[in-house]
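Asks: If you scroll down you'll find the structure; I have some questions about it.
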Amino acid sequence: MIKISFEIREINYEKSFESLISQLTEECRSKTDPTELEKLIARLGDDTALLVNKLLGYLDTDTRDRIIVWLLEDQRDEIVSSLNKAMHDYLGGDAVVIGTVYAQDQPGPKIALHAAQVKTDSKQLIESPALTGIAGGAAKLAFRIAKAETIEKEAVELLSSGFIKPKLITMLSDGLREAGLHITLNDVVITEDSGNEEIPRMMDPEKDEGLIPDAIEDKIIDAFVAWLRGIL
């Protein structure tokens with residue numbers, strides 16, 4: 001297996017929230033025991049995104065990042081599906097298949113975003129229509145003569161090459177945007193992965209009772225109160 005780490009240059013919070021909050025609204029409506037904030041989101045419906053965008057000015061960057069991390073965790077399956085479709089369309093077949101994605105809020109205005117448990121199929125990579133010309137031919141030869149224990153290493157070298165990597169960055173960026181994450185990537189770093197890494201989660205099942213993590217819910221409520229005071 002391999003791992004793809006995304007180096008983020010910019011996040012368009014407004015567009016990301018607008019895209020992802022609509023999915024959140026449906027989840028809030030379906031909850032049997034929603035929190036007060038989740039009730040508000042469910043009742044607002046399509047207007048929730050408008051409210052969130054009004055609150056952006058009352059949320060610090062770290063809180064915005066934490067919301068993005070949580071939304072990515074909550075809607076992980078849809079994001080994985082979008083990235084795999086983009087990968088399939090570019091490489092052809094299931095040459096590279098992402099198992100999961102996760103993000104972590106880091107100190108300052110920064111998010112660590114990763115695609116993990118990524119499986120590669122050497123046969124399908126050899127047959128990939130993306131491998132053309134001299135560079136593509138050399139890559140195909142490397143896979144044909146590679147030993148089983150070095151397949152991941154060859155996949156890392158191929159995907160990290162100047163031949164593939166720039167297209168990979170564009171393709172993954174498109175996949176993220178298609179899933180609702182409007183993120184501009186600077187770079188991707190591809191490494192071998194044992195597949196045994198514990199995937200970090202923002203939600204704490206022992207502390208967070210609702211759909212929205214308590215720490216984020218409190219921040220959103222504080223911003224909502226500050227906004228109301230500003231318009232009254």
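Quick note: the coordinates plus some simple rules give every number you see, no bench work behind them. As the structure is a prediction and not an experimental result, all values here were calculated from the model. Neighbour counts are summed over all protein chains in view; Cβ atoms, including those assigned to glycine, are modelled from backbone coordinates with ideal geometry.
Asks: Between SER5 and ASP60, what length comes free when the chain is fully extended (0.36 nm per residue of separation minus the Cα-Cα distance, one decimal in nm)? Can you show the working numbers first?
Replies: On the way: separation 55, 0.36 × 55 = 19.80 nm, distance 2.50 nm.
Gain on stretching SER5 to ASP60: 17.3 nm.
Asks: Related question: Just want the ordering: SER5, SER30, from fewest to most Cβ atoms lying within 10 Å of their own Cβ. Kindly include the intermediate steps, with their values, before the conclusion.
Replies: On the way: SER5 14, SER30 10.
Lowest count first: SER30, SER5.
Asks: Given points 7 Å out from each Cα along the Cα-Cβ axis, report the LEU228 to ILE126 separation in nanometres with one decimal.
Replies: It is 6.6 nm.
Asks: At a temperature of 37 °C and a viscosity of 0.692 mPa s, determine how fast the chain diffuses translationally according to Stokes-Einstein, using the Kirkwood radius over alpha-carbon pairs as Rh; express D in µm²/s, rounded to the nearest whole number.
Replies: Details: Rh = 19.2 Å.
This corresponds to a translational diffusion coefficient of 171 µm²/s.
Asks: A further question on this structure: Obtain the nm distance between the two label points defined at LYS165 and LYS110 by a simple spin-label model: each point lies 7 Å from its Cα along the Cα-to-C-beta direction.
Replies: Distance between the two pseudo-spin positions: 1.9 nm.
Asks: Give, in whole angstrom and from largest to smallest, the semi-axes √(5λ) of the equivalent ellipsoid of the range 1-93, with λ running over the eigenvalues of the Cα gyration tensor.
Replies: On the way: eigenvalues 152, 62, 28 Å².
For the range 1-93, the ellipsoid semi-axes come out as 28, 18, 12 Å.
Asks: Right, next: Based on alpha-carbon centroids, what's the gap between the range 158-174 and the range 89-111 in Å, whole number please?
Replies: 13 Å
Asks: Another question about this same structure. Among ILE41, VAL97, ASN196, flag the residue with its Cα farthest along the positive direction of the charge dipole of the chain, charges on Cβ as +1 for Lys/Arg and -1 for Asp/Glu.
Replies: Farthest along the dipole direction, towards plus: VAL97.
Asks: Okay, moving on. On a 31 Å Cα-Cα criterion, which of the cross-link pairs LYS110/LYS165; LYS15/LYS39; LYS85/LYS110; LYS15/LYS123 come out too long?
Replies: On the way: LYS110/LYS165 22 Å; LYS15/LYS39 23 Å; LYS85/LYS110 27 Å; LYS15/LYS123 39 Å.
Flagged as over cut-off: LYS15/LYS123.
Asks: If you stretched the chain out fully between LYS85 and THR184, how much longer would it get, using 0.36 nm times the residue separation minus the C-alpha to C-alpha distance?
Replies: 33.8 nm
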